[in-house]
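Derivation of every value follows stated rules applied to the coordinates shown; laboratory data play no part. Note that this is a predicted model, so its numbers are computed, not measured.
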Amino acid sequence: MTSIKWHLWHGNAERALEKIRDLDDTLATHQNDPLVAKKYSKWKPMTRLIADFYTYVEQKSGFIVDYSEHHRYGKRVSTGFVKLAVNQVLAKRMAKRQQLQWTKKGAHLLVQARTKVLNEEWEDCFRQQYPGFRSVPAEPMQMAA
């Protein structure tokens, strides 16, 4: 079974929306079962999140990029609306009522670390802090013609 994430990665918003509807229907089918309701106390918030996710994908369907194609051709995989989503996550994590709240310093350090990973600079940073960390790979020798 192909996941919602897979369809979104491949730019197929219509199929992703079908999968989200299927998930919502499955939850609706079992929501009246008292054993399920007792076991899964977060049932209602989950259905609300699924509905919100469906609305989000539906509204953004015209902007969903086929990342697999970008990846195949060596293009960077990033867009402005991804930045917006990141900002929303950060804003939520920075909220005082959030259980796993981030500090400004912690969020800043996380973004710096992620940037180093994306720019493929993280190993150099580790080597500065920990000189014994993975030796620098030797340049491949050129073969004689």
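Structure values in brief
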read-out: Karplus 3J(HN,Hα) series, Hz, for the range 44-51 with 6.51 cos²θ - 1.76 cosθ + 1.60 (x for Gly, Pro); value: 5, x, 5, 5, 5, 5, 5, 4
read-out: Theoretical gain in end-to-end length, PHE53 to TYR73 [0.36 nm per residue, Cα-Cα removed]; value: 4.3 nm
read-out: Filter on LYS19/LYS44; LYS5/LYS75; LYS60/LYS105; LYS39/LYS104; LYS5/LYS39 - keep pairs with C-alpha separation over 29 Å; value: LYS60/LYS105; LYS39/LYS104
read-out: Shape call, the range 1-76: gyration tensor on alpha carbons, a/c limit 1.5; value: prolate
